[in-house]
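Working notes, structure below.
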Amino acid sequence: MTALNRRDLGLLALRVGTGAVLVAHGAQKLFGWFGGGGIEGTTQAMEAMGFSPGRESAVAAGLGEAGGGALLALGLATPAAGAAAAGAMAGAVAVHLPAGFFAMAGGYEYPAFLGFTAAALGIAGAGRYSLDHATGHVLDQPWVVATAFVGSALAAAAVVGRRADAIAEAEPGPSGREEPEPEHGSARGSEG
């Protein structure tokens, strides 16, 4: 087995594994599969976590994960797929950030790992065993990489920033009135 074949097989394994995990997470949000809340439950969870509008946030997160994951697994439009999945994971990282890094304490370790892996695949490309290779890399050009990652970064920054503003507005003001905090148990599976 040549070094090229090993690299391409490694990319295939990484794409399929990462893509499958992302598809499962997205399917929880979109369809309620695998114990997920579906659109309605995810909408409620998104609103409780400060994402507004909740339904659009739920759909965007579900599509970023399921769609990005499916395209990564297939190796099709890999830069856009990696950027979409990484953008969705940026939102999940923002939710888990207050709990620190490690997943055992509710931290952002897991969504950060998925996001970085998806981004790395989007940048590196899918390899020979992919639909991008089979189609002559039509959707895997340098301009696609740049456009996808800039667009995803801008969108993620806007969504996360809007969430931070909403949370800051909901904090107790001079009146001492406290807003309810999101229920981490019910929302936990819906954001990452």
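Numerical summary
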{"quantity": "Any chance A164 is more than 22 Å from V21 (Cα to Cα), in contact (Cβ under 8 Å) with a residue 12 or more places away in the chain, open to solvent by 50 Å² or more (accessible area, probe 1.4 Å) and not β-branched (V, I, T)", "calculated": "yes"}
{"quantity": "Residue check, A20 more than 15 Å from the chain's Cα centre (by Cα), assigned to a helix (DSSP H, G or I) and among the aliphatic types (A, V, I, L, M)", "calculated": "no"}
{"quantity": "Boolean, A157 is open to solvent by less than 30 Å² (accessible area, probe 1.4 Å) and not in a loop (DSSP other than H, G, I, E, B)", "calculated": "no"}
{"quantity": "Any chance L14 is surrounded by fewer than 24 Cβ atoms within 10 Å (Cβ to Cβ), over 10 Å from the mean Cα position of the chain (by Cα), touching a residue at least 24 places away in the same chain (Cβ under 8 Å) and not in a helix (DSSP H, G or I)", "calculated": "no"}
{"quantity": "Residue within region 104-113 that is in contact with a Ser or Thr (Cβ under 6 Å, 6 or more places away or on another chain) and closer than 26 Å to R7 by Cα present", "calculated": "no"}
{"quantity": "Those residues of region 41-77 which are closer than 22 Å to A13 by Cβ, in a helix (DSSP H, G or I) and aliphatic (A, V, I, L, M), in sequence order", "calculated": "A66, A70, L71, L72, A73, L74"}
{"quantity": "Residue satisfying condition, being part of a helix (DSSP H, G or I) and surrounded by fewer than 17 Cβ atoms within 10 Å (Cβ to Cβ), within set F116, F101", "calculated": "F116"}
{"quantity": "Selected residue [open to solvent by less than 60 Å² (accessible area, probe 1.4 Å), in contact with a Lys or Arg (Cβ under 8 Å, 6 or more places away or on another chain), among the small types (G, A, S) and modelled with pLDDT of 95 or more] from S130, S152, S190", "calculated": "S130"}
{"quantity": "Checking K29 against (1) among the charged types (D, E, K, R); (2) within 13 Å of the chain's Cα centre (by Cα); (3) modelled with pLDDT under 95, the condition it does not meet", "calculated": "(3)"}
{"quantity": "Region 27-75, residues that are touching a residue at least 12 places away in the same chain (Cβ under 8 Å), charged (D, E, K, R) and open to solvent by 10 Å² or more (accessible area, probe 1.4 Å)", "calculated": "R55"}
{"quantity": "Residue satisfying all of: in region 94-107; touching a Gly at 6+ places or on another chain (Cβ under 7 Å) and free of Cβ contacts under 8 Å to residues at least 12 places away in the same chain; nearest to V21 (Cα to Cα) among these", "calculated": "G107"}
{"quantity": "Some residue of region 85-93 being within 19 Å of D132 (Cβ to Cβ), in contact (Cβ under 8 Å) with a residue 40 or more places away in the chain and touching a helix residue (DSSP H, G or I) at 6+ places or on another chain (Cβ under 8 Å)", "calculated": "yes"}
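The values are calculated or read from the model by the stated rules, or taken from the named source; none is laboratory data. Nothing here was measured: the structure is a model prediction, and the numbers come from that model. All Cβ positions, even for glycine, are placed from backbone atoms using ideal geometry, and neighbour counts span all protein chains on display. These area figures cover heavy atoms from the full protein model, side chains too; ligands, DNA and RNA do not enter into them. Shrake-Rupley method; radii C 1.70, N 1.55, O 1.52, S 1.80 Å.
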